[in-house]
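Asks: Below: one structure in structure tokens.
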Amino acid sequence: MDPAGGHLGEMRAFLEVARRQSFSAAAKALGLTSSSVSKQIARLEERLGVQLLRRTTRRVSLTEAGHLYAERTGRILADVEEAERAVADLDGTPRGTLRISALPILGTLRVAPAVLACRARYPELRIDLDITDRLVDLVAERIDVAVRLTAAISPASLVARRLADDRRVLCASPRYLRRHGTPRRLEDLADHDCITLNQEPVARWTLLGPEGERVVPVSGTFRSSDTVTLRDAAVAGLGLANLPDYVVQEHLESGALRRVLPEYGTSKRAIFAVYATPARAAVRVLVEALAKAMGSRAAGTSKAAP
């Protein structure tokens, strides 16, 4: 259905603005211009005779009437989309809109290629991929599949498929190892320059090895909030890094990075695809593509929390 058409189009535009608190972000999600979304909201407010949104130069927020309208229209659109999905799924061909949420880096390096491959194979699919570190509410935000990195999935109304373990890699460039030596045990990390995330005052690496989980304080001269930047710093010879395998795989294969202390290579977390049941055809093929892309050997599913 055309997101720009009629009362349903106005509802969709309003809900996107309400969820994202931004006209430009909503317009991007809907494939429209900001001015088109703004006009739809204006027509909707004029037709209803109430103000739904408060607009300032910095943000958009809901009025009391806006909160009520968002709750009711969210249910209406969910019912409409469920009806469309049910009809579209009758012959088992994946089609319709598929809304996906994935974490940064993981979403870019692993989820997006699998999504693109699905889209190429099934041209009747429409893809809305949101790469964000925000924990989305699958039901409220009408997300079909969320790819999450977590230690455990709690029982609930959703299903979780384990795609892969969160495999971690301690690594450094050959140049750094020539200059500073190769650590042989965890205690040696205290003598090395360690490249770390800057999200906590004191850097600590939680490592899972033969003796179980160990928390090791580390320090260094380079920190960043961006995982890819940490990898690039390691390649440049600035120190040791502790990174997901999917971030450094190509660099390990090329020799730009070398693995150290390989017995410490996983964490207690895993990568899951979380979705509602019963899963429609588009969801099923996407989850299978994700499992294949991430090398999952765990084909089972479990109940999951939203």
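The values are calculated or read from the model by the stated rules, or taken from the named source; none is laboratory data. Treat the numbers as computed from the prediction; the structure is a model and nothing was measured. Every residue, glycine as well, gets a Cβ built from its backbone with ideal geometry; the counts of neighbours run over all protein chains shown.
Asks: Could you check, for the stretch 185-194, whether at least one of its residues is farther than 27 Å from R19 by Cβ, touching a residue at least 60 places away in the same chain (Cβ under 8 Å), in contact with a Lys or Arg (Cβ under 7 Å, 6 or more places away or on another chain) and surrounded by 13 or more Cβ atoms within 10 Å (Cβ to Cβ)?
Replies: Yes, there is a match, as at least one residue in the stretch 185-194 is farther than 27 Å from R19 by Cβ, touching a residue at least 60 places away in the same chain (Cβ under 8 Å), in contact with a Lys or Arg (Cβ under 7 Å, 6 or more places away or on another chain) and surrounded by 13 or more Cβ atoms within 10 Å (Cβ to Cβ).
Asks: Filtering the stretch 240-265 down to residues that are touching a Gly at 6+ places or on another chain (Cβ under 9 Å) and assigned to a strand (DSSP E or B), which residue is surrounded by the fewest Cβ atoms within 10 Å (Cβ to Cβ)?
Replies: R259
Asks: Next up: Before we move on, is T277 closer than 22 Å to R142 by Cα, surrounded by fewer than 20 Cβ atoms within 10 Å (Cβ to Cβ) and of a type in the set (V, I, T)?
Replies: Values: closer than 22 Å to R142 by Cα: yes; surrounded by fewer than 20 Cβ atoms within 10 Å (Cβ to Cβ): yes; of a type in the set (V, I, T): yes.
So T277 passes the test.
Asks: Could you check L170 against (1) more than 15 Å from the chain's Cα centre (by Cα); (2) surrounded by fewer than 16 Cβ atoms within 10 Å (Cβ to Cβ) and say which number it fails?
Replies: Looking at each condition in turn, L170 falls short on (2).
Asks: Something else about it: If a residue must be in a strand (DSSP E or B), surrounded by 11 or more Cβ atoms within 10 Å (Cβ to Cβ) and not hydrophobic (A, V, I, L, M, F, W, C), how many such residues does the stretch 195-212 contain?
Replies: Matching residues across the stretch 195-212 total 4.
Asks: Moving on to the next point. Check whether at least one residue in the stretch 212-229 is touching a residue at least 60 places away in the same chain (Cβ under 8 Å), farther than 20 Å from G255 by Cα and assigned by TED's automatic domain parsing to the domain that holds L261, and report yes or no. Break it down into steps so the answer makes sense when it comes.
Replies: Start the filter on the stretch 212-229 by keeping residues that are touching a residue at least 60 places away in the same chain (Cβ under 8 Å), which leaves 227-228.
If we keep only those that are farther than 20 Å from G255 by Cα too, we end up with none.
Within the stretch 212-229, none of the residues are touching a residue at least 60 places away in the same chain (Cβ under 8 Å), farther than 20 Å from G255 by Cα and assigned by TED's automatic domain parsing to the domain that holds L261.
Asks: Mind listing whichever residues of the stretch 18-61 are at pLDDT 90 or above, surrounded by fewer than 18 Cβ atoms within 10 Å (Cβ to Cβ) and among the aliphatic types (A, V, I, L, M)?
Replies: Hits for the stretch 18-61 are A42, L48, V50.
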